[in-house]
Structure formats: structure tokens, C-alpha cells
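Undergrad: This is the structure, below, for whatever I ask next.
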Amino acid sequence: MTDTGQAAACPNDSSPAAHDKAAGVPLFHLGQVLATPGALELLQTHELTARPFVLRHVSGDWGDICAEDRQANADALQYGYRLMSVYVISKTERLWIITEADRSSTTLLLPEEY
């Protein structure tokens with residue numbers, strides 16, 4: 001995860017092990033769960049709900065992020081930094097989920113809304 005918000009620009013480092021965590025125990029508090037208008041529209045367009053993505057996020061399945069961002073999330077779990085997941089919705093569409101460092105809120109958003 002970079003300060004410039006370019007997690008989606010990292011090379012794909014998805015692994016089958018990451019998908020196995022989806023049903024796992026929550027690793028952190030989500031706080032208030034919010035969604036931007038763009039994220040809501042994306043989900044509605046594809047007839048999806050937020051729940052599966054939020055469950056993946058809170059279980060440590062960070063989706064389509066690179067090794068550097070996976071390490072940043074591991075550090076965030078240990079030291080209380082911001083957490084970020086990126087999920088591929090279509091060839092050209094991504095859904096980001098960000099949990100704030102203080103765990104007060106988790107937001108679903110589009111990359112261009114960051």
C-alpha cells in the first residue's frame with residue numbers, strides 16, 4: 001500500500017491461500033462501514049452485495065494486491081496502521097476497501113474516488 005494510493009498498480013500477487021481465508025475469523029474491527037456512491041453503483045451494476053467483499057477484507061483476504069502491499073497490511077495488523085484491499089470486479093473495474101488506522105471506519109470505494 002503506497003501513500004499515493006497506487007495499490008492496484010502493483011503486479012498481481014494473488015494466491016489460492018488468500019482466497020482460503022475468506023471464511024476465517026475477523027482479524028480487526030471494521031468500525032462504521034461506509035460506501036461511496038461509485039462503489040454502490042458498481043456493486044448494483046454487477047448485481048453484487050458488499051458483504052462478501054467486507055468479509056474477505058476483515059478475514060485477511062486482501063484480494064488483488066502486490067507482495068509489498070500484503071506486507072504493509074501485515075504490519076498494519078500488528079502496529080495499527082491503515083488496511084487496504086483491492087477486489088477485481090471486471091477487466092477494468094476494481095473495488096477498494098480501506099479500514100482506517102484507528103479502526104473507526106471501513107470504506108468501500110472506487111480507485112478514482114480515493
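Undergrad: Select from region 65-80 the residues that are surrounded by fewer than 18 Cβ atoms within 10 Å (Cβ to Cβ), outside any helix (DSSP H, G or I) and in contact with a Cys (Cβ under 9 Å, 6 or more places away or on another chain) and list them in ascending order.
TA: Hits for region 65-80: nothing passes.
Undergrad: Only residues that are buried (at least 16 other Cβ atoms within 10 Å of the Cβ) and out of contact with any Asp or Glu (no Cβ under 9 Å at 6 or more places or on another chain): list them for region 90-99, please.
TA: Step one: of region 90-99, the residues buried (at least 16 other Cβ atoms within 10 Å of the Cβ) are 94-99.
LEU95, ILE97, ILE98, THR99, listed by residue number.
Each row is one residue, and each column tells you yes or no for (1) modelled with pLDDT of 95 or more; (2) surrounded by 19 or more Cβ atoms within 10 Å (Cβ to Cβ); (3) within 16 Å of THR99 (Cα to Cα).
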position	(1), (2), (3)
VAL25	no, no, no
PHE28	yes, no, yes
LEU40	yes, no, no
TRP62	yes, yes, yes
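Undergrad: Search region 42-56 for residues that are free of Cβ contacts under 8 Å to residues at least 40 places away in the same chain and pair each with any residue that is of a type in the set (D, E, K, R) when their beta-carbon atoms are under 8 Å apart and the residues are at least 6 apart or on different chains.
TA: Listed pairs, sorted by first residue: ARG56/LYS21.
The values are calculated or read from the model by the stated rules, or taken from the named source; none is laboratory data. Everything numeric here is computed off the predicted structure, so don't read it as measured data. Cβ atoms come from the backbone with ideal geometry, glycine included; neighbour counts cover every protein chain shown.
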